[in-house]
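A short write-up of the structure that comes next.
The values are calculated or read from the model by the stated rules, or taken from the named source; none is laboratory data. Just so it is clear, the model here is predicted, and its values are computed rather than measured. Here the Cβ positions follow ideal geometry from the backbone for every residue, glycine too, while neighbour counts run over all protein chains shown.
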Ligand code: NAD
Ligand code: TYD
């Protein structure tokens, strides 16, 4: 029996991973999340009463709390996702990203060291990272595991720093670690400050669709559930100390993706062809906007036999349908009602 601490399990990817792990394995899953604006317990209602599931509201920087959690639940493994994750916010407030993404990761590593150092062989610290640590592919090519780090936003610099600390704790203290660096995720339960849910919501409400710069930046999109299946296979089958890049070879220029979403939404909402695209509005570019991200997934595909389960077309259809069917979720996260609810529910922490 493993007792896995998943950090950030109330966020977008974390909530999918909690559900995935409970469905696929008979492990105890402890979800530690401080419920920032991006964390939402409504993402987890379908498993909130699962006998193997425990939620703890708390901050990964709170070592006293981490000690309590490790002791109370006899934590054997950590899958670490808790982070500040939005590039635009990192441009506004870099320190918050350093605090959570760097200091928070180091706090967790310290506690793992304290509890596990007697028998490291039975434990694992799995760090979920991003392809953005590799910088921007302005001249072609793909991100490989051997690509030199070249982070260029405060967000990616903080994630790169956390990756370095995870490797440093492996080399210096012997903590067993694995790291994966994934491309952009999309799917249900993603906070609508990120491109795809933001566009879906704005199209629905006939609001302007803010495309940064000329819309020529390229991202490599992967369905969030396929990210979870990759984490599962790496967690169980990869060798300790290894790094894997995760992606589905699926590059899209932002403007083409926004047009595709407009087409799907026109059809689903019974609008005339081309109607939603009229909402596209070019706005001032993001500062330091990385031009292109693209993952070479050869290592995870050939060594671990992982592949995405669905095509982008299927994934986008599913995603649009989910947001259209879950208006209340969207209304809640955009109205801020759920934050007021947490303040009331957890006023002591
Ligand atoms: P998210 O912003 O949706 O969720 C982050 C979660 O972490 C939230 O539930 C939040 O409440 C929690 N959190 C934040 N600060 C915390 C703290 N100090 N203590 C405890 N909990 C805290 O992010 P996401 O998109 O689900 O990303 C999860 C992880 O995956 C991040 O580490 C991110 O860097 C990485 N990642 C994301 C993508 C992507 O496309 N979204 C791609 C590759 C890697
Ligand atoms: P985002 O979802 O923020 O992910 P990331 O910056 O981590 O890749 O943005 C994806 C791309 O979409 C990125 O090139 C910025 C662009 N973008 C817009 O053009 N308009 C928007 O409103 C947002 C949120 C993003």
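Could you go through segment 160-180 and let me know if any residue there is touching a strand residue (DSSP E or B) at 6+ places or on another chain (Cβ under 6 Å), crowded, with 22+ Cβ neighbours inside 10 Å, more than 27 Å from residue 298 (Cα to Cα) and in contact (Cβ under 8 Å) with a residue 60 or more places away in the chain. No, segment 160-180 contains no residue that is touching a strand residue (DSSP E or B) at 6+ places or on another chain (Cβ under 6 Å), crowded, with 22+ Cβ neighbours inside 10 Å, more than 27 Å from residue 298 (Cα to Cα) and in contact (Cβ under 8 Å) with a residue 60 or more places away in the chain. Applying the criterion of being surrounded by 18 or more Cβ atoms within 10 Å (Cβ to Cβ) and more than 9 Å from ligand 1 (Cβ to nearest atom) to the residues of segment 83-101, the residue that is farthest from the chain's Cα centre (by Cα) is 98. In the condition set (1) in contact (Cβ under 8 Å) with a residue 40 or more places away in the chain; (2) touching a helix residue (DSSP H, G or I) at 6+ places or on another chain (Cβ under 7 Å); (3) more than 16 Å from ligand 2 (Cβ to nearest atom); (4) within 23 Å of residue 230 (Cα to Cα), residue 115 is compliant with all but (4).
Out of curiosity, is residue 243 modelled with pLDDT of 95 or more and surrounded by 17 or more Cβ atoms within 10 Å (Cβ to Cβ)? Here the answer is yes, as residue 243 does meet what is asked. Among the residues of segment 57-82, those identified as crowded, with 19+ Cβ neighbours inside 10 Å and in a strand (DSSP E or B) are 77, 78, 79, 80. For segment 110-129, the set of residues classified as closer than 20 Å to residue 156 by Cβ and either surrounded by fewer than 23 Cβ atoms within 10 Å (Cβ to Cβ) or more than 23 Å from the chain's Cα centre (by Cα) (or both) consists of 126 only. The residue list 165, 142 contains one member that is under 19 Å from residue 94 (Cβ atoms) and over 18 Å from the mean Cα position of the chain (by Cα), which is 165.
Could you pull out the residue among 14, 39 that is within 19 Å of the chain's Cα centre (by Cα) and part of a loop (DSSP other than H, G, I, E, B)?
On the way: 14 fails: part of a loop (DSSP other than H, G, I, E, B).
39 is the lone residue from the list that is within 19 Å of the chain's Cα centre (by Cα) and part of a loop (DSSP other than H, G, I, E, B).
For residue 50, indicate whether it is crowded, with 19+ Cβ neighbours inside 10 Å and either in contact with a helix residue (DSSP H, G or I) (Cβ under 9 Å, 6 or more places away or on another chain) or part of a strand (DSSP E or B) (or both). The answer is no for residue 50. Here residue 304 passes the criteria (1) farther than 28 Å from residue 89 by Cα; (2) within 19 Å of the chain's Cα centre (by Cα) except the one numbered (2).
Counting only strands (runs of 3 or more DSSP E) that fall entirely inside segment 148-221 and contain at least 1 residues that are within 15 Å of ligand 1 (Cβ to nearest atom), modelled with pLDDT of 95 or more and more than 19 Å from residue 332 (Cα to Cα), the qualifying elements are 177-182, 184-186. All of 104, 141 fail the test of being out of contact with any helix residue (DSSP H, G or I) (no Cβ under 7 Å at 6 or more places or on another chain), at pLDDT 95 or above, more than 22 Å from residue 229 (Cβ to Cβ) and crowded, with 18+ Cβ neighbours inside 10 Å, apart from 104. It is to be established whether one or more residues within segment 280-297 are closer than 30 Å to residue 231 by Cα and more than 16 Å from ligand 2 (Cβ to nearest atom). Checking segment 280-297: at least one residue is closer than 30 Å to residue 231 by Cα and more than 16 Å from ligand 2 (Cβ to nearest atom).
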